[in-house]
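Working notes for the structure below.
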Amino acid sequence: IDLLKLLRQSKYWQRSGGRDHVIPMTHPNAFRFLREQVNASIQIVVDFGRYPRIMSNLSKDVVAPYVHVVDSFKIDDTPDPFESRTTLLFFRGRTYRKDEGIVRVKLAKILSGYDDVHYERSVATDENIKLSSKGMRSSKFCLNPAGDTPSSCRLFDAIVSHCVPVIISDQIELPFENEIDYSQFSIFFSFKEALEPGYMVNQLRKFPKERWIEMWKRLKDISHHYEFQYPPKKEDAVNMLWRQVKHKLPGVKLAVHRSRRLKVPDWWRRR
């Protein structure tokens, strides 16, 4: 409330109603009860999982990657990475989540009994993070089911581990998607497909080695885009986020110019 008061008194906020402001709002509950009052601004979010439909959208907001938890795989030059990664599918993390994340409990049952699938309940301690890193680096595919919201940090752990992400979320939005084609290095399953017994594992088992190696190479090429660094470096996560903000500026100018001449704001929404 105090912050909102401070903003409203600012001449910079008043000149555009906050439209030319950028607000990092990456926690799903951030500004939960006042979000509507800052919704004109460009918001940096990790997804739209708990946002009402009338708030936050890709036309004005920027999707940011989570900071990855595991260490980046710096020297990954194995002659035959496909054969050296002996685990087909890897997951290590919390299995009890809210909302879309309830799929994790169902997956635990569906994926049990496979010798080449590692699905383990775990919490984020230093030791478990090291084990997760080791597991991802020795797996062909890394499972990324929805967390409490459609996305989770596990996707970005998989990317910096050069483990082909298997993304299960019907509503996920991804960072930098106007510049990066995730289909070049990720596999997507709907909830319905993932929860069909045997379907996902069978699809992964018959996945062509040549195609997997192409994805592995692509992961190595793009993983630097998901590194948060200070000072920022060219095309790292910080640099990429500001590039995304730049893409929003024409829309900001349009909204500001319209607001200055409209007698009935957003009249078109009533049609």
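The values are calculated or read from the model by the stated rules, or taken from the named source; none is laboratory data. For clarity, every value in this text was computed on a predicted model and none was experimentally measured. Every residue, glycine among them, receives a Cβ derived from its backbone with ideal geometry; neighbour counts consider all protein chains shown. Ligands, DNA and RNA are excluded from the accessible area calculation, which covers all protein heavy atoms including side chains. Shrake-Rupley method; radii C 1.70, N 1.55, O 1.52, S 1.80 Å.
For the residues 156, 141, the requirement of being of a type outside the set (Asp, Glu), crowded, with 17+ Cβ neighbours inside 10 Å and not in a helix (DSSP H, G or I) singles out 141.
Looking only at the range 244-267, decide whether some residue is of a type in the set (A, V, I, L, M), modelled with pLDDT of 95 or more and out of contact with any strand residue (DSSP E or B) (no Cβ under 7 Å at 6 or more places or on another chain). No, the conditions are met nowhere in the range 244-267.
All conditions but one from (1) of a type in the set (Val, Ile, Thr); (2) in a loop (DSSP other than H, G, I, E, B); (3) within 26 Å of residue 51 (Cα to Cα) apply to residue 102; the one that does not is (2). Residues in the range 214-246 that are in contact (Cβ under 8 Å) with a residue 24 or more places away in the chain, in contact with an Asp or Glu (Cβ under 9 Å, 6 or more places away or on another chain) and within 19 Å of residue 26 (Cα to Cα): 225, 226, 227, 228, 237, 240, 243, 244.
The set of residues in the range 16-51 being open to solvent by 60 Å² or more (accessible area, probe 1.4 Å) and either of a type in the set (A, V, I, L, M) or at pLDDT below 90 (or both) consists of 26, 27, 31, 32, 33, 36, 50. Residues in the range 55-88 that are of a type in the set (Val, Ile, Thr), free of Cβ contacts under 8 Å to residues at least 12 places away in the same chain and open to solvent by 60 Å² or more (accessible area, probe 1.4 Å): 75 only. When the residues of the range 115-138 are filtered to those that are in a helix (DSSP H, G or I) and among the polar types (S, T, N, Q), the one that is nearest to residue 162 (Cα to Cα) is 133. Of all residues in the range 161-178, those satisfying the criterion of being open to solvent by less than 70 Å² (accessible area, probe 1.4 Å) and more than 22 Å from residue 148 (Cβ to Cβ) are 161, 162, 163, 164, 176.
Listed by position, the helices (runs of 4 or more DSSP H) enclosed by the range 162-271 that each have at least 1 residues that are within 23 Å of the chain's Cα centre (by Cα), over 25 Å from residue 76 (Cα atoms) and not aromatic (Phe, Trp, Tyr) are 191-194, 199-205, 237-261.
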